[in-house]
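Heads up: the structure comes next, in structure tokens.
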Amino acid sequence: MRAGAAPADSAAPTGAARPRLDVARVRADFPILQERVHGKPLVYVDNAATSQKPRQVIEALLRYYATENANVHRGVYYLSEHATALYEGAREKARRFLNAREAREIVFVRSSTEAINLVASSYGRTHLGTGDEVLVTAMEHHSDIVPWQLVCEQRGAALRVIPMDERGVLCVDEVPKLIGARTKLVALVHVSNSLGTINPVAEIVALAHARGVPVLVDGAQAAPHLLIDVQALDCDFYTVSGHKMFGPTGIGLLYGKAERLDAMPPYQGGGDMIRSVTFEKTTYAPLPAKFEAGTPHIAGAVGLGAAIDYLATLEWHQVEAHEADLLVYATASLAGVPGLRLIGTAPRKASVVSFVLDGVHAHDVGTIVDREGVAIRTGHHCTQPVMDFFGVPATARAAFAFYNTREEVDALVAAVRKVREVFG
Ligand code: C6P
């Protein structure tokens, strides 16, 4: 089971082979997987862009709007108190999901992008000065580059970059040399969206903390694949996008250590984030309300809570084994297509396979495989520096979730072979 449940290994039978993930059963929970596109069964392998939603999440949203909807933290009547309990209940589920120490360390935001902007704006504005540095990695998503550049420009600070090698593995040896007296924060991605690399976050956090530097981890692509324990990672901030982990769009999480968040100024001003307001002076509410100005995405939080509950019903060692099998199978099958080059070959990867086909633009690959019912993402994946590093304008990317199958990998590979035939 996932977070909040018994550790995965404790439920494992001893001696006998462990049962595999019942993929047919989990697929039945995702109505959209029954759809057909262009007359073909949908093969949805664009899960890094957004995942599909199980019936349990869809029903929670429907139930919320049909029978439970009211504003939170504002009413003394039944519905408002009920909606507040659901919203705060979702925060507690998120706390358990990330293994945060306290619920007030969980801030509901729109997505990973907003979580990083919150920290860049609030922490960055107060801690960065002329000549200071923010250390990022060569494989960051634009949402973990641009917010830092914006605040660096305002404060006269600069970005520095941890390099990676040609497999897409970070050069961790370089980290101690790159963290200096002017380094104010390290921001790194847990799982790369365009390469699939799983980064050694705990190791980098330890290196940064040894020099007194806090660490933000972009967990947008990690939350759907890995068990996350922010206390074990010891990171200062961790970000999650709900829509990539089988929850609704428009809701995400910022985890921050209480002492860090407490010391930061609000990101946005408005209702619900204040203690008292006069025209002369405003004082702010305690955590987490200080960072949740205005009416929040209540239904989104409820839906995300339902997604967390859903994940907790899965045996996580089975999910991991299934995704590892899909990764190995897809990597080997795609490598057999003439003129195909894999981009991102790190030894520790999530189930993401990026590739380019000789003489074919990635968008053409995407368009042709779509005619076969296969949904992949093509482009720079909001990681232009990664594309520059590998000398390609774009890649095609298949990102598998636990509901994907080897048969779907076969359909993807057959479709890519068709592209090869069209382009010769
Ligand atoms: N990557 C992809 O197809 P939002 O849009 O805020 O939910 O997530 C932003 C984000 C941040 N970090 C990483 C590592 C990401 O992969 C993403 C989103 C999508 O790869 C859309 S570009």
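From VAL419, VAL392, VAL386, which residue is without any contact (Cβ under 8 Å) to a residue 60 or more places away in the chain and not polar (S, T, N, Q)?
One residue alone meets the criteria, VAL392.
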Residue set VAL161, VAL175; condition out of contact with any Cys (no Cβ under 7 Å at 6 or more places or on another chain) and more than 29 Å from ALA394 (Cβ to Cβ); output residue VAL175
When you look at ALA70, is it out of contact with any strand residue (DSSP E or B) (no Cβ under 6 Å at 6 or more places or on another chain), outside the structural domain of GLU140 (by TED's automatic domain parsing), of a type in the set (A, V, I, L, M) and not in a helix (DSSP H, G or I), yes or no?
-> no
Single residue of the range 39-88 satisfying the filter (within 16 Å of the ligand (Cβ to nearest atom) and polar (S, T, N, Q)) that is surrounded by the fewest Cβ atoms within 10 Å (Cβ to Cβ) = THR50
Identify, by number, the condition in (1) touching a helix residue (DSSP H, G or I) at 6+ places or on another chain (Cβ under 6 Å); (2) of a type in the set (Val, Ile, Thr); (3) more than 16 Å from the ligand (Cβ to nearest atom) that THR183 doesn't meet.
-> (1)
Residue ID - surrounded by the fewest Cβ atoms within 10 Å (Cβ to Cβ), chosen from residues in the range 168-204 that are under 19 Å from the mean Cα position of the chain (by Cα) and in a strand (DSSP E or B) | ILE198
What number of residues in the range 202-225 are out of contact with any Ser or Thr (no Cβ under 6 Å at 6 or more places or on another chain) and away from the ligand (no atom under 13 Å from the Cβ)?
-> 13
Counting only residues that are surrounded by fewer than 24 Cβ atoms within 10 Å (Cβ to Cβ) and away from the ligand (no atom under 15 Å from the Cβ), which one in the range 244-261 is farthest from the chain's Cα centre (by Cα)?
-> GLU259
Consider only pairs whose beta carbons are under 6 Å apart and that are at least six residues apart or on different chains; among these, list those whose first residue lies in the range 292-304 and is in contact (Cβ under 8 Å) with a residue 24 or more places away in the chain and whose second residue is among the β-branched types (Val, Ile, Thr) and in a loop (DSSP other than H, G, I, E, B).
-> HIS297/ILE251; ILE298/VAL72; GLY300/ILE251; ALA301/ILE251; LEU304/ILE251
By residue number, the members of the range 261-284 that are among the small types (Gly, Ala, Ser) and part of a loop (DSSP other than H, G, I, E, B) are ALA263, GLY269, GLY270, GLY271
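The values are calculated or read from the model by the stated rules, or taken from the named source; none is laboratory data. Remember, it's a predicted structure, so these values are computed and weren't measured experimentally. No Cβ is skipped: glycine too gets one built from the backbone with ideal geometry, and neighbour counts run over all protein chains shown.
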